[in-house]
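Asker: Right, I'll just put the structure down here and ask away after.
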Amino acid sequence: SIRIAQMTGWVSFTLMAIYSNVGEVENGMKTLTRPDRIEDRQDAEGLRVTSGQIVIEDLGFRYGRDIGGISDLSLAIQPGEKLGIVGASGAGKSTLVSLLLRLYEAEKGRILIDGADVSRVSQDSLRSQIGMVTQETAMFNRSALDNILYGRPDASRDDVIAAAKAAEADAFIADLEDAQGRTGYDAFLGERGVKLSGGQRQRIALARAILKDAPILVLDEATSALDSEVEASIQSALTRVMDGKTVLAIAHRLSTLTEMDRIVVMDQGRIIEQGSHEQLLERNGLYAQFWNRQSGGFIRTQDAPSAAAQ
Ligand code: ADP
Ligand code: MG
């Protein structure tokens, strides 16, 4: 249908918007490199994810001379594995995810999903297989319903509402009213619509990901703008949406990652340690330092800069 075609057309645009926003938030005054408009190869095939294995081989990327990126990074993520990624701000966590989504072209090495090189499959098919919740999510100048539907354009209104409920978004959506008097799920969001708080945008993004139900899920500071009460109440939705999927979860708040199958610690574009939460504490390296600083006697609120961010 026209709606589906329109919505898939938005995919690249939004992802770029999302990640340029993240860059802006994290990079302050630095000049930002915009994602390149990447062309599909002429012989690009559709990606079909069967098991959800992700293999990263010797990956290298830089935004520019002397600007950070990813260096010689190799990592095999098993089908269904729940992987946590931690590291100081600027360590390259979001860049790694951008390369997985092929928002930038790797300069060296490759990323394989179920054996298919992400640079060889069509971008639409790649992105259709990955659900994503980030720190900052761009909203379209469309209704709240359309903004969630974007996760799976053929879903019904009831499916959308169920996803919104699971993401704790239903109640605030029901109260929305835009300047044209459209209300609830029909209220327009985006630049010219209702202004949402960061936490509300994250819950819409989570509803999208729940609805999309893609085999690979990326959570990049997905709950950073939620207060701890809301975060706790969507934790079970998050756990449910992670079930059976390959998950890459980036978080500053380390306590959200202790149950992950494995945690990798990044520093300056590289993986410097990895293991379970317990193994990493035992190792007494960078992860243990972050952990000890974060749990060192102060109560973390969602606005407090985390140790990892400093
Ligand atoms: P993290 O997500 O771990 O905080 P990023 O992947 O965002 O780190 O950033 C890694 C490095 O790349 C940092 O030095 C950051 O300043 C730089 N960087 C990130 N995004 C951009 C961009 N769009 N343009 C230029 N430099 C960038
Ligand atoms: Mg980041």
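Asker: Against the conditions (1) within 16 Å of ligand 2 (Cβ to nearest atom); (2) farther than 18 Å from Trp291 by Cβ; (3) in contact with a helix residue (DSSP H, G or I) (Cβ under 8 Å, 6 or more places away or on another chain), where does Arg270 fall short? Just the number, please.
Answerer: Every listed condition holds for Arg270 apart from (3).
Asker: Those residues that are at pLDDT 95 or above and either open to solvent by 50 Å² or more (accessible area, probe 1.4 Å) or not small (Gly, Ala, Ser) (or both), I need them from segment 108-125; list them, please.
Answerer: Listed by number, the residues that qualify are Lys108, Arg110, Ile111, Leu112, Ile113, Asp114, Gly115, Asp117, Val118, Arg120, Val121.
Asker: Please list, ordered by residue number, the helices (runs of 4 or more DSSP H) wholly in segment 130-233 having 1 or more residues that are over 30 Å from Thr95 (Cβ atoms) and away from ligand 1 (no atom under 16 Å from the Cβ).
Answerer: Answer list for segment 130-233: 144-149, 157-166, 170-174.
Asker: Within segment 62-82, track down each residue that is crowded, with 21+ Cβ neighbours inside 10 Å and away from ligand 2 (no atom under 14 Å from the Cβ).
Answerer: Scanning segment 62-82 gives Leu73, Ile77, Lys82.
Asker: Conditions first: (1) at pLDDT below 95; (2) open to solvent by less than 20 Å² (accessible area, probe 1.4 Å). Val97 passes all but one, so which condition is the exception?
Answerer: Among (1) at pLDDT below 95; (2) open to solvent by less than 20 Å² (accessible area, probe 1.4 Å), the lone unmet condition for Val97 is (1).
Asker: Name the single residue, out of those in segment 75-108 being within 12 Å of ligand 1 (Cβ to nearest atom) and among the polar types (S, T, N, Q), that is farthest from Arg41 (Cα to Cα).
Answerer: So the residue we want is Ser89.
Asker: Open to solvent by 10 Å² or more (accessible area, probe 1.4 Å), farther than 14 Å from Ile271 by Cβ, touching a residue at least 60 places away in the same chain (Cβ under 8 Å) and touching a helix residue (DSSP H, G or I) at 6+ places or on another chain (Cβ under 6 Å) - does that describe any residue in segment 83-90?
Answerer: Looking through segment 83-90, at least one residue is open to solvent by 10 Å² or more (accessible area, probe 1.4 Å), farther than 14 Å from Ile271 by Cβ, touching a residue at least 60 places away in the same chain (Cβ under 8 Å) and touching a helix residue (DSSP H, G or I) at 6+ places or on another chain (Cβ under 6 Å).
Asker: Would you be able to tell me the number of residues in segment 234-260 that are assigned to a helix (DSSP H, G or I) and of a type in the set (Ser, Thr, Tyr)?
Answerer: 4
Asker: I'd like the full set of residues that are closer than 28 Å to Arg65 by Cβ and either of a type in the set (A, V, I, L, M) or without any contact (Cβ under 8 Å) to a residue 12 or more places away in the chain (or both), limited to segment 95-135.
Answerer: Across segment 95-135, the qualifying residues are Leu96, Val97, Leu99, Leu100, Leu101, Leu103, Ala106, Ile111, Asp117, Val118.
Asker: Going by the conditions given, is Thr239 within 23 Å of Gln129 (Cβ to Cβ), open to solvent by 50 Å² or more (accessible area, probe 1.4 Å) and not charged (D, E, K, R)?
Answerer: yes
Asker: Scan segment 81-99 and give yes if some residue there is under 24 Å from Val241 (Cα atoms) and assigned to a loop (DSSP other than H, G, I, E, B), otherwise no.
Answerer: Checked against the condition, which is being under 24 Å from Val241 (Cα atoms) and assigned to a loop (DSSP other than H, G, I, E, B), segment 81-99 yields at least one hit.
Asker: Here's another thing I want to ask about it. Considering segment 162-181 alone, what residues qualify as being open to solvent by 70 Å² or more (accessible area, probe 1.4 Å) and touching a helix residue (DSSP H, G or I) at 6+ places or on another chain (Cβ under 6 Å)?
Answerer: Across segment 162-181, the qualifying residue is only Glu168.
Asker: Let me ask another. Return yes or no: is Glu24 outside any loop (DSSP other than H, G, I, E, B) and either at pLDDT 95 or above or open to solvent by less than 20 Å² (accessible area, probe 1.4 Å) (or both)?
Answerer: Considered against the rule, which asks whether it is outside any loop (DSSP other than H, G, I, E, B) and either at pLDDT 95 or above or open to solvent by less than 20 Å² (accessible area, probe 1.4 Å) (or both), Glu24 comes out as no.
Asker: Further question: Taking segment 126-161 as the search range and keeping residues that are of a type in the set (S, T, N, Q) and more than 17 Å from the chain's Cα centre (by Cα), which one is surrounded by the fewest Cβ atoms within 10 Å (Cβ to Cβ)?
Answerer: Ser156
The values are calculated or read from the model by the stated rules, or taken from the named source; none is laboratory data. It should be emphasised that the depicted structure is a prediction, and the values quoted were computed from it without experimental measurement. Please note: Cβ atoms are built from the backbone with ideal geometry, for glycine as well, and neighbour counts cover all protein chains shown. Each accessible area value is taken on the protein alone, full model and side chains, heavy atoms only, with ligands, DNA and RNA left out. Shrake-Rupley method; radii C 1.70, N 1.55, O 1.52, S 1.80 Å.
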